[in-house]
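> This is the structure I want to talk about, given as structure tokens.
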Amino acid sequence: MDTYHINIAGVERDLAELLKRCPEHDVVVSAEAKGIPLCYEMARQGCREYVIARKSVKVYMRNCVDIAVNSITTAEVQRLYLGDTDANFLKGKRVLIVDDVISTGESLAALEALMDKIGVDVVGKACVLAEGDAKNRDDIIFLEELPVFEK
């Protein structure tokens, strides 16, 4: 199996390791935009299927389902959208939600709420790095802690 090798401050990991720690799933789901490379690579190495929740309605999306999200990386409330094609594709599937870094968990909660809104079973939540209090959560899978430095 090909892996994506990452070295952060001397800590070396392969993203395949994250996939090994995750429960069985049919589809990987993430939010636009930073989670896309991770989502794609985990799907490529595993289940081969992924869906991206978009931050705006695209021309190809019809009958969208949406949810509000408060992320620490953006100043204002955003929305995540899924068109009916993706929503229908996800129904009956075991979904693994992924993100690059989980800090407050707001983006993760929004993705979970979006999946709940369309009636999809979330079997796991994973990220590469857990920051701050996220490292103490027992409902997420992650490779390493991202330290928070105080001034």
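> Give the angle, between 0 and 90 degrees and rounded to the nearest 10, that separates the Cα long axis of helix 36-45 from the longest principal axis of the Cα atoms of the chain.
Rounded to the nearest ten degrees, it is 90.
> To continue, here is another question. Taking the 0 to 90 degree range and rounding to the nearest ten, how far is the long axis of helix 106-117 tilted relative to the main principal axis of the chain, both from C-alpha atoms?
Relative to the chain, helix 106-117 is tipped by roughly 30 degrees.
> Tell me which residues come under 5 Å, amide H to amide H, from Ala31 once H is placed; ignore anything under 5 positions away on its chain.
Amide H neighbours of Ala31, under 5 Å, 5+ apart: Ala53.
> Also, I was wondering about something else. With no solvent and one equal point scatterer per Cα, compute the Debye intensity ratio I(q)/I(0) for the stretch 25-90 at 0.15, 0.18, 0.19 Å⁻¹ and report its log10, rounded to two decimals.
Calculated log10 I(q)/I(0) at the listed q: -0.50, -0.70, -0.77.
> Once phi is turned into θ = phi - 60°, what whole-Hz ³J(HN,Hα) does the Karplus curve with 6.51, -1.76 and 1.60 give for every residue of the stretch 137-146, x standing for Gly and Pro?
6, 9, 9, 10, 10, 8, 8, 8, 7, 9
> Considering the alpha-carbon set of the chain alone, what are its Rg and its Dmax in angstrom?
15.1, 47
> Right, here's the next one. With charges only on Cβ, +1 for K and R and -1 for D and E, what is the dipole size of the chain about its Cα centre, in debye, rounded to 20?
Taking the Cα centre of the chain as origin, the dipole is about 500 debye.
> Projected onto the charge dipole of the chain (+1 at Lys/Arg Cβ, -1 at Asp/Glu Cβ, origin at the Cα centre), which of Cys39, Gly105, Val57 gives the Cα projection farthest towards the positive end?
The listed residue farthest towards the positive side: Val57.
> What percent of all Cα-Cα pairs in the stretch 72-138 falls in each 5 Å bin, counting up from 0?
So the P(r) values, bin by bin, are 4, 15, 26, 23, 17, 12, 4, 0.
> Before rounding to the nearest 500, sum -39500 (n - 2.57) across all DSSP H runs of length at least 4 in the chain and divide by the residue total; then give [θ] at 222 nm in deg cm²/dmol.
Computed mean residue ellipticity for the chain: -6500 deg cm²/dmol.
> Specify the residue with the greatest mean-square fluctuation among Val122, Val77, Val69, computed from a Gaussian network of the chain linking alpha-carbon atoms under 10 Å apart.
Val77
> Which distance in nm do the two modelled labels at Asn63 and Lys20 give, with both placed 7 Å along the Cα-to-Cβ direction?
According to this spin-label approximation, the distance is 4.3 nm.
> With charges only on Cβ, +1 for K and R and -1 for D and E, what is the dipole size of the stretch 10-97 about its Cα centre, in debye, rounded to 20?
So the dipole magnitude of the stretch 10-97 works out to roughly 160 debye.
No value in this document is a laboratory result; all are computed from the given coordinates. Every value quoted in this text rests on a predicted model; they were computed, and no experiment measured them. Glycine also receives a Cβ, built like all others from the backbone with ideal geometry; neighbour counts cover every protein chain displayed.
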